[in-house]
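The values are calculated or read from the model by the stated rules, or taken from the named source; none is laboratory data. Just so you know, these numbers come straight off a predicted model, no measurement behind them. Counting neighbours? That spans all protein chains shown, and the Cβs are built from the backbone with ideal geometry, glycine included. The accessibility values were calculated without ligands, DNA or RNA, using every heavy atom of the protein model including side chains. Shrake-Rupley method; radii C 1.70, N 1.55, O 1.52, S 1.80 Å.
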Amino acid sequence: MSSLYEFTTAKCPFDDVPDRLYAYFDGDHGTMPLRVTVADLRVERDVDIHFSARPEYPGYRMLNIDWKPKDGGPYPAFAGSLSIADEGLGWSRIELAGKYDPPFGIVGAAFDAVAGHRIAQATASELLAEFKRILTLP
């Protein structure tokens, strides 16, 4: 099992972040493309994404987040959390943390060690960039 961690900031009050994500996905689940560019190759795959509320702490909003490839295939599923922190003046810090299992057992683990983890990290960055875009929609 491999771990991912990535963060971004967005001009969106932290109390509004979960509601805006739920509104965009028309509830607590939906489908969205995950994209990554590796060298000159751009890979895009639709995933089924799901959110659920977690206990909160003062100044933080928490969501469980998981996704899996919409039509299957040799792509990992992810399970983790989104932590939303109040950065003040209408800004939020959004942190994605979680785990995924590379497909294909030991062969997949070897690929993950060589290149797959960098691809997963880039995908997490792209996902947070898309969330940032969603959160700043008028």
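Taken per residue, the accessible surface of the stretch 21-138 reaches 57 Å², heavy atoms only and a 1.4 Å probe. Distance from the C-alpha centroid of the stretch 83-114 to that of the stretch 19-75: 11 Å, rounded to the whole angstrom.
Our helix-only sum for the chain, with -39,500 (n - 2.57) per DSSP H run of n ≥ 4 divided by its residues, gives a mean residue ellipticity at 222 nm of -7500 deg cm²/dmol. Packing here is the average count of other Cβ atoms within 10 Å per residue, and on that basis the peptides 61-74, 33-46, highest first, run 61-74, 33-46. Surface composition of the stretch 1-100: carbon and sulfur make up 52 percent of the accessible area, probe 1.4 Å. Given axes a ≥ b ≥ c from the Cα gyration tensor, I'd like to know whether the chain is rounded (a/c under 1.5), prolate (a/b larger than b/c) or oblate. Because a/c hits 1.5 or more and a/b exceeds b/c, the chain counts as prolate. Once C-alpha pairs closer than 8 Å and six or more residues apart are averaged by separation and normalised to the residue number of the chain, the relative contact order reads 33 percent.
Could you compute the FRET efficiency for Asp16 and Asp48, with r as their C-beta to C-beta distance and R0 at 35 Å, rounded to 0.05? Taking R0 as 35 Å, the efficiency between Asp16 and Asp48 is 0.90.
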